[in-house]
Every structure is written in C-alpha cells, then in structure tokens.
Amino acid sequence: MLSHRLGMETISQTLEHVLVTAHHQNCLTVGVYESAKFLNEYPDGAVLCVLAFDEEDEDDAALQIHFKLLQAFCYDNYLDILRVTGMRRLAQLLEETSNRNESRDLHCILVTNTSEQILQCEALQQVARFCEESRHRYEWLPHLELQDR
C-alpha cells in the first residue's frame, strides 16, 4: 500500500508538471463551460481532461451534472480523464503563471493538442499510461490528490 501511495504522489507531481508545461505552451482550456465549448468545436482537440473538486463541491448538483456529461463525452471519444482533489494547489499551479487577476473556474481543465511540443511531453505520456492502466483495472475515473506545498 505504501509503494502504491508513493506511486500516486509521483503521478500527481507528473500531472502538475503537465499542467504547468501546457499552461506555458498555451495548451490549456480552463473552466467547465469553456471546456464543453472547446470539445463541441474540436472533439479531437484535447489529450487530457482533468475534473477538479474538493469536498465542498460534492453537493453542487449543477457541477456534478456537468461532470457526468464531460465524463460521458471523454469516454465516448477515448479522451483520458482524471479526477483530482486539491483545488488550492491547482490554483497555485495555474494562477502563479497567469497574468489574470480574477479567479478562474478550475473545475475542468483540458490539455489541448494545439502544440506539437505538448504531444511529445514525456510527463503527458506518463499520465496517459496511468489512465490506461487504471482503465485496465476498471477504474474509469482515476483519482489523484494534489498536495499543498
């Protein structure tokens, strides 16, 4: 169990690297509405979907409905998908590198394939392997926890 936990921490750090790299390469679509709109216009335009929420979001029925629809789309289109907790860490990762002052909806983040560099990113390939291995274990929506630092 401990080695599995260490593996999860490693894959969580790998996901953080993917998100920061994609953000620097302008390969992120952030927000539930923005992500749904992007997927509607470019169904093959994403390589990873990250659904993020913490305990306080579990009672948000509208958010849960959006998540179910996004999950269904991802499954139907063979798009890797993860569920993460640790919204504060996610905000740290993306807000530190953002020029915006307003708070953004970080509940859904797409890594888009608008850059050849992101597709060749070893960290992205590791996350994709983790998603594939999870599906082989019938874990359709793998969960990762992002740790505050």
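The values are calculated or read from the model by the stated rules, or taken from the named source; none is laboratory data. Just so it is clear, the model here is predicted, and its values are computed rather than measured. Please note: Cβ atoms are built from the backbone with ideal geometry, for glycine as well, and neighbour counts cover all protein chains shown. Quick note on the areas: whole protein, heavy atoms, side chains included, nothing else; ligands and nucleic acids left out. Shrake-Rupley method; radii C 1.70, N 1.55, O 1.52, S 1.80 Å.
Output the residues belonging to the stretch 50-62 that are assigned to a helix (DSSP H, G or I) and open to solvent by 30 Å² or more (accessible area, probe 1.4 Å).
Looking only at the stretch 50-62, we keep the residues that are assigned to a helix (DSSP H, G or I), and these are 55-57, 61-62.
Answer for the stretch 50-62, where residues must be assigned to a helix (DSSP H, G or I) and open to solvent by 30 Å² or more (accessible area, probe 1.4 Å): GLU55, GLU56, ALA61, ALA62.
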Practice problem: Please specify each residue of the stretch 25-42 satisfying the condition of being open to solvent by 10 Å² or more (accessible area, probe 1.4 Å), out of contact with any helix residue (DSSP H, G or I) (no Cβ under 8 Å at 6 or more places or on another chain) and part of a loop (DSSP other than H, G, I, E, B). | Solution: ASN26, TYR42
Practice problem: Name every residue in the stretch 94-137 that is at pLDDT below 90 and loosely packed, with under 11 Cβ neighbours inside 10 Å, in order of residue number. | Solution: GLU96, ASN99, ARG100, ASN101, GLU102, SER103, GLU116, GLN120
Quiz item: Under 9 Å by Cβ, and 6 or more places apart or on different chains, what pairs join a residue from the stretch 96-118 that is over 16 Å from HIS24 (Cα atoms) with one that is modelled with pLDDT under 60?
Solution: ARG104/SER98
Exercise. Return yes or no: is LEU15 open to solvent by 40 Å² or more (accessible area, probe 1.4 Å), in a helix (DSSP H, G or I) and not β-branched (Val, Ile, Thr)?
Key: no
Quiz prompt | Restricting the stretch 138-149 to residues that are outside any strand (DSSP E or B) and under 26 Å from LEU63 (Cα atoms), the residue that is most open to solvent (accessible area, probe 1.4 Å) | solution = TYR138
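Residues are listed down the side, and each one gets a yes or a no for (1) outside any helix (DSSP H, G or I); (2) open to solvent by less than 90 Å² (accessible area, probe 1.4 Å):
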position: ASP44; (1), (2): yes, no
position: GLN64; (1), (2): no, yes
position: LYS68; (1), (2): no, no
position: CYS74; (1), (2): no, yes
Exercise. Consider LEU90 carefully, then state whether it is over 19 Å from ALA128 (Cβ atoms), open to solvent by less than 50 Å² (accessible area, probe 1.4 Å) and outside any helix (DSSP H, G or I).
Key: no
